[in-house]
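Engineer: What follows is a structure written as structure tokens; I'll ask about it next.
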Amino acid sequence: MTKTSATIQGSRSGQRGFIVVAALWLLAALAALALVSSAYMTQSAISLAALDAPVQLGMISSAGIEMTAYRLSAPAAVSRPTHGGFAFRLANASVTIEYQAESARINLNMAPQSMISGLFSALGVDADTAGQLANRVVAWRSAPRHNGQDSEDALYVAAGLNYLPRHAPFSSVDELALVLGAPATLLQQARPYLTVYSGTAAINVLDAAPQVISALPEMSSTKLDAFLNQRDSLPSTDPEFVLGALGGRVAGASVAGSDAYRVRMQIILPDGRKSISEGVIMLSGPGAKTAYRVFTWRDEIDPATGAAQR
């Protein structure tokens, strides 16, 4: 072996040795970083679990909404389910979700006076009072008269109220409490059957509660019972057949869904704490920047956990 060859081989061996040492130092540094990161994340998880349950619930709730929107992401409302549910686990928490299209409820801003009156009657209000309250509801959402002499405004002034009807659509169902003559007890009873998000004046009779279906015109208790007894077996793909089961086509009855869905979510954390949330999401159409919007969301914590309840 010549001196030059020996020198070259020695130089290559030195380079390989340097590379090996550098690689070992790099691996050691990565291992140390992983150890520090693991310790930090573990400590953060412990702190989060012990001190920040609301943050956990908020993050899991957001994931649940995302998953619901994904499951309902069919391009057309006609191909989406109008109701359903599913369950999953995330971060050792159990999550149960139920959803239903808002078309199962009566739209305060779009339903005719007769349907609103029919719901109040179904909730135990006598026919005359139900009709008067329904008139007040329609007047609240209706534009003022152009002559500047609105008799509805005069009623609120005469009642000594320090506000007038909105003369615009209801912003929420809770606004019903401001309508002249509406008892607080009636609002509590009616809230589960009302919406401002469905986008339709009709109701989906396959999903609607009996109280909502009974609000349809000329819906007798006999017709209602007959329909409910066979509703579960009716084909949702045949609207004419479903509506025929009501005793013929009924104004305001439909089997159509809605882009707005009410979502009810129950989260049980690993330590047993429980949260029940409910809100309305609106699925976006083609070309929208976001897949959905959250219109309203309310959380409630199980009183047994010591947290406040809605």
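Engineer: Working only within segment 64-83, note down all residues that are in a helix (DSSP H, G or I), at pLDDT 90 or above and surrounded by 17 or more Cβ atoms within 10 Å (Cβ to Cβ).
Structural biologist: G64, I65, T68, A69
Engineer: For segment 245-274, which residues satisfy the criterion of being at pLDDT 90 or above, out of contact with any Phe, Trp or Tyr (no Cβ under 6 Å at 6 or more places or on another chain) and not in a loop (DSSP other than H, G, I, E, B)?
Structural biologist: Across segment 245-274, the qualifying residues are A253, S254, R262, R264, M265, Q266, I267, I268.
Engineer: For segment 89-98, give me each residue that is assigned to a strand (DSSP E or B) and loosely packed, with under 14 Cβ neighbours inside 10 Å.
Structural biologist: Filtering segment 89-98 for residues assigned to a strand (DSSP E or B) gives 89-90, 93-98.
Within segment 89-98, R89 is the sole residue that qualifies.
Engineer: Separate question: State yes or no: is Q230 more than 25 Å from M110 (Cα to Cα), surrounded by fewer than 18 Cβ atoms within 10 Å (Cβ to Cβ), in contact (Cβ under 8 Å) with a residue 60 or more places away in the chain and of a type in the set (S, T, N, Q)?
Structural biologist: Considered against the rule, which asks whether it is more than 25 Å from M110 (Cα to Cα), surrounded by fewer than 18 Cβ atoms within 10 Å (Cβ to Cβ), in contact (Cβ under 8 Å) with a residue 60 or more places away in the chain and of a type in the set (S, T, N, Q), Q230 comes out as no.
Engineer: Looking at A143, A130, A101, A122, which one is in contact (Cβ under 8 Å) with a residue 40 or more places away in the chain and either more than 30 Å from Q56 (Cβ to Cβ) or hydroxyl-bearing (S, T, Y) (or both)?
Structural biologist: On the way: A143 fails: in contact (Cβ under 8 Å) with a residue 40 or more places away in the chain; A130 fails: in contact (Cβ under 8 Å) with a residue 40 or more places away in the chain; A101 fails: either more than 30 Å from Q56 (Cβ to Cβ) or hydroxyl-bearing (S, T, Y) (or both).
Checking each option against the conditions leaves just A122.
Engineer: As an exercise: evaluate A111 against (1) part of a loop (DSSP other than H, G, I, E, B); (2) small (G, A, S); (3) over 30 Å from S73 (Cα atoms) and give the number of the one condition it does not meet.
Structural biologist: (3)
Engineer: Which of the numbered conditions does F86 fail, given that it passes all the others? Conditions: (1) touching a strand residue (DSSP E or B) at 6+ places or on another chain (Cβ under 9 Å); (2) within 30 Å of T290 (Cα to Cα); (3) modelled with pLDDT of 95 or more; (4) surrounded by 15 or more Cβ atoms within 10 Å (Cβ to Cβ).
Structural biologist: (4)
Engineer: Touching a Gly at 6+ places or on another chain (Cβ under 6 Å) and buried (at least 16 other Cβ atoms within 10 Å of the Cβ): does that describe M110?
Structural biologist: Numbers: touching a Gly at 6+ places or on another chain (Cβ under 6 Å): no; buried (at least 16 other Cβ atoms within 10 Å of the Cβ): yes.
No, not satisfied.
The values are calculated or read from the model by the stated rules, or taken from the named source; none is laboratory data. This one's a predicted model, so the numbers in the text were calculated from it and none came from an experiment. Backbone-built Cβ (ideal geometry, glycine too); neighbour counts: all protein chains shown.
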